[in-house]
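The structure under discussion appears below in the form of structure tokens.
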Amino acid sequence: MIIFMSNLKRIFKNKGNLMMMFIFPIIFITFTMSISMGEIKITVGIIDNDKTKFTQMLIDHIEKTNTVRYLDEADIKKTLVDSDADYIMVINKNFTSNIIQNKESFIKGYSIKESNISLPAKYNIENFINAAKNIGIASKGNEAIFYKGLTDYSQGSVSAAYKSVKTNGNKSSNILRGLGFLIMSMIFLSNNIARLILEDKRNKTFYRIFSSPISPRNYMLQNVFSFFGVLLIQLVLIFSIMKFIFHADFGSSILNILGLYAIFSLVCVSLGIAITSISKDTRQAGAINTFITTPMCMLGGCFWSRDIMPDILRKIGDFVPTSWVLKASEKIINGDTIFSVGTEISILLLFTLVFILLGSWKKADVAK
């Protein structure tokens, strides 16, 4: 435990490590999470094939809480793909007369299947139409009575309150961007603290340790546990800030996301040791660290969504661990548990094994 405690003192004594561990991720996460605190205004595309007084009242009602765009039916697919509308509503011909006459009536709605950001708009529209249907039943086909009742409803004689529900759209996207900066800081931090081994070699502490009863395996295990412990401290603090200050929604339980990133900590530690093992000194380790970590974060989607990247870059990104931890993060934020991301965790553990093998490749260094 001597090396373990000594490492902790050296790590926390270094101001650069403290900034990488706490200050930088908190600054970036504060920025990204603050963006997500604002209200999300939903864009509703309207295709009105009926064009009556009632459909205009419906559109006016939608426009109170959402942005409205008028479209043609030929534009539906392109508008959704380009994210120019979150929800598209097609009003069929004779829609109004069917409601007044208490006949079967419905609207067609379109949205991106994987997103539920359009739910508030859908519920708002459905409630208004259901109210109109009830007024139509009460009016017994009398158009004048129908519009009188609908006007009273619109003016607040019958009122309803709507609140935004939590969505997995922009808010979860901002949470993922915050996690992306956390991932970057974890990799840089683990590489920085792993360079303590190189410092031990430079000041001959490395060799004096091996002349004592401490074995090389014991020395390496204590290093690994100290590096892993520091990353866990960072995770607990950062996730606590995101959860209790910014009210980030991590799905069914924060323990799922915490467990995932504890596993990713093993990847970071093994990567840091691998870089240290192939470096001659701390300067070379720093250069290799920057050369490897920055592209890894970019390809993995730490700074932006992988969806905007070309197919070739997404395929290359599948060969870096950052892609897999963010894929698992997205699933957990959307409600899955840590047990449902077994594939991603298995791949992360495989990366850990590969980095450990690279780190132990140059065993001859110990004998020098």
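Throughout, read-outs are computed from the coordinates displayed, never taken from laboratory work. For clarity, every value in this text was computed on a predicted model and none was experimentally measured. FYI the Cβ positions are ideal-geometry reconstructions off the backbone, even for glycines, and counts take in every protein chain you see.
Points to keep in mind about this one:
- Estimated distance in nm for a label pair at ALA287 and ILE23, the labels positioned 7 Å out from Cα along Cα-to-Cβ: 2.7 nm
- Separation of the alpha carbons by more than 22 angstrom is noted, of LYS51/LYS103; LYS51/LYS148; LYS51/LYS78, for LYS51/LYS78.
- Only aspartates and glutamates eight or more places from LYS280 in sequence, or on another chain, were considered; those with a Cα closer than 15 Å are GLU199, ASP200, ASP365.
- The shape of the range 212-342 can be summarised by an equivalent ellipsoid whose semi-axes, obtained from the alpha carbon gyration tensor, come to 28, 22, 13 Å from longest to shortest.
- Computing FRET efficiency as 1/(1 + (r/R0)^6) for ASN49 and HIS247, where r is the C-beta to C-beta distance and R0 is 45 Å, gives about 0.60.
- ³J(HN,Hα), Karplus 6.51/-1.76/1.60, whole Hz, each residue of the range 9-15, x for Gly, Pro: 5, 5, 5, 6, 7, 7, 5
- In this simple spin-label approximation, ILE59 and THR30 carry label points 7 Å from Cα along the Cα→Cβ vector, and these lie 4.6 nm apart.
- If a spin label sat at a point 7 angstrom from the Cα of SER97 along the line to its beta carbon, the backbone N atoms of the range 46-60 nearer than 20 Å would be those of 48-58.
- ILE46 long-range amide H proximity, modeled H, under 5 Å: ARG69, TYR70, LEU71, MET89
- For ILE312 and ASP336, the FRET efficiency from 1/(1 + (r/R0)^6), where r spans their Cβ atoms and R0 equals 25 Å, is about 0.30.
- Highest mean packing first, where packing is the average number of other Cβ atoms within 10 Å per residue, the peptides 319-329, 81-91, 63-73 line up as 319-329, 81-91, 63-73.
- Projecting the alpha carbon convex hull of the range 43-155 along each direction and taking the average yields 6.6 nm².
- Spin-label model distance (nm) - PHE303 vs ASP152, 7 Å beyond Cα toward Cβ: 6.1 nm
- Under the Karplus curve 6.51 cos²θ - 1.76 cosθ + 1.60, θ = phi - 60°, whole-Hz ³J(HN,Hα) for the range 316-325, x wherever Gly or Pro sits: 5, x, 5, 9, 10, x, 4, 4, 6, 5
- Taken one residue at a time, the phi angles of the range 181-192 give Karplus couplings (6.51, -1.76, 1.60, θ = phi - 60°) of 5, 5, 4, 4, 5, 5, 5, 4, 5, 5, 5, 5 Hz. Gly and Pro are set to x.
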